[in-house]
Every structure is written in C-alpha cells, then in structure tokens.
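Enquirer: First, the structure itself, so that you have it in front of you.
Read-outs throughout are calculated quantities, based only on the coordinates presented, and are distinct from any laboratory measurement. In this text, all values refer to a predicted model and were calculated from it rather than measured experimentally. Here Cβ is always computed from backbone atoms with ideal geometry, including for glycine, and neighbour counts include all displayed protein chains.
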Amino acid sequence: MNNFKMVCLDIDGTLLNSNHKITEKVKAAIDIVANKKNIPVILVSARMPKGIKFLQRELEIEQPIICYSGALILDKEGKVLSKEFINVLEFEKIYKLVKEHNIHISLYKDDEWYIEEMDYWAIQESEITNITPKIIDFKELIKLWKKEGTGPNKILCMSSADEINILKENIKSVELNIYPSKSTYLEVMPIKASKTSAINCLQKELGINKAEIIAMGDNYNDIDMLEYAGVGVAMGNAPEDVKKHANDVTLTNDEDGVGKALEKYIINL
C-alpha cells in the first residue's frame, strides 16, 4: 500500500458538493490528513486565488495552491512559484469570435476577474465563487496588455451547451489548452499550463515522489493529474470517460466521496 505524502484535490464537483459547500465529514477527514498526519492537502483548481484561499481558511490548512489549472502556482505565503499567460493576440482572436456569437467572456489575471457587463452568467459565477468581478472595456485591456507584453492567465466562456460546442470547434489554435469544464463552460488556458505540470513543480519543492501522491477529480481537466498520481481517484459524479482514466472511483461529491477516499487510502491504514 502506498505511503502517501501529498493529496491533490480538485474543488468544484470534488471537494464541494452540489450546493458548493464542504460537508462536515469531508472537512473532518481533511483535518485528520492535513493537521494530524501532517500530509499536505493541495487544492488544485481552474479558480483564481481568491476563490481558493477562503476554502483553505475554512479547512484550516496552510499550503501552496494551484490556480487556473496550473497557470498560476502560489506558495503558502502567496509568493508566485510559477506563472503562465495567454498571448494577448490569441485572446484578441477569441474575443472577436465570442462577440460574433454573443457568448459571455470572463478574463482572469493574477487575482482579478474582469468582465464587460454583469450579465446572467457573471451573476451566476459570482454567486458560486463569492467573488465580485471588475467591469472594464476589453478593448482598453487589449491595448494595455499589448503595451505590457502580457495577457490573461485564463479565459472563461459561458453560454448554452450548443453555443459552447460551436465555439470549441471554431477555436483552432494549437497555442492554447481548451476544454469544457461543464457543458455550458469553456475554459481556455496557456498551452504550457496543466494540473500535472503544477503538481510536478510542487513535488520538487516538497521533495515528494509521484508514487506518493493521491489525486482526486471529477472532470476532463482532471484526467492528466488522475493518470499522473500514484493513485488517481475519480468522483462517483464524474463522466464515465473520466472514470476510465482513474485507478479507483469513490462516492459522489454529495456522498462525501473525498472523505471516503481519504479514509480508505490514508486514515484507516
């Protein structure tokens, strides 16, 4: 049986239940692992730092975080360990495309969330994450980022499932990492960013072998880390295609699946 030295947890659909809450059973299991057994529990998400740090406080853990699916890694003091961004010219192409199709677009850079208007999608995302976006003219942002030679860490497009499918087919750039995080959300990240590359970075920082890592996730952007870890655990609510890439499948996020897996692999050993 593996002697695990690091736990990597996806957040939405994994750590959080359908009401976007951490259940008491999951909280108790993480407390034992992180604070009693001193095994780092790393939150790995497409979220921005603000959307992760409040969950760390709730769990009473102090560890590095992996944001934007690996495009930004912060140590436990908030210092940047690694950062990748999308070239502003690539963003400009996507911006023109989404405007043609009337699809919502959100931009994330460092610890800021930018939108052009507070529409249905922005309101919904704000309620889920407890974060208020900044409203700004994206054309002005494009000008600024061209001057600075930078760009966003993440682009999030939100619309109906049909529109998102059409958009996915129309973005034909090999320079970007594109995937649906749910049927109505299309996430766009820098090509070099992945949950696995970020975990690998932290491994080196902490001196941990990949066989000593347990990773849990529920969606397509979790597949790489489920395959990479010593043991990859898919949630019971994950699509069947995701489950195929895992070593094990736990209960759903509404049945304390993370807690059950931690009991099985760490707590009850």
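Enquirer: GNM, the chain, Cα, under 10 Å: largest mean-square fluctuation among 100, 24, 60?
Expert: Fluctuation is largest for 100.
Enquirer: What distance in nm separates the simple spin-label points at residue 112 and residue 147, each placed 7 Å from Cα in the Cβ direction?
Expert: 1.3
Enquirer: If you don't mind, there's one more thing I want to ask. How much of the DSSP bridge set in segment 88-190 is antiparallel, in percent, rounded to the nearest 5?
Expert: That works out to approximately 90 percent antiparallel.
Enquirer: A follow-up question, please. Quick one: P(r) of the chain from all Cα-Cα pairs, 10 Å bins, percents rounded to integers, in order of increasing distance.
Expert: That works out to 7, 31, 37, 19, 6, 0, in percent per bin.
Enquirer: First select every other residue whose beta carbon is under 12 angstrom from the beta carbon of residue 26; then total the charges, Lys and Arg +1, Asp and Glu -1.
Expert: -3
Enquirer: Roughly how far apart, in whole Å, are the Cα centres of segment 70-115 and segment 198-216?
Expert: So the two Cα centres are separated by 25 Å.
Enquirer: I'd like the antiparallel share, as a percent to the nearest 5, of DSSP beta bridges with both residues in the chain.
Expert: Approximately 60 percent, going by the DSSP bridge assignments.
Enquirer: While we're on this one: Could you give the alpha-carbon Rg of segment 173-269 over 2.2 N^0.38 Å, rounded to two decimals?
Expert: 1.14
Enquirer: Tell me, in nm to one decimal, what length is gained between residue 92 and residue 175 on full extension, where the rule is 0.36 nm per residue of separation less the Cα-Cα distance?
Expert: Contour length minus the Cα-Cα distance gives 28.5 nm.
Enquirer: Let me ask something else. Could you work out the mean projected area of the convex hull around the alpha carbons of segment 88-190, in square nanometres to one decimal?
Expert: For the Cα atoms of segment 88-190, the hull's average projected area reads 6.1 nm².
Enquirer: Determine, for 256, 119, 110, the number of other Cβ atoms within 10 Å of each Cβ, and report the residues in order from fewest to most.
Expert: The order, fewest Cβ neighbours first, is 119, 110, 256.
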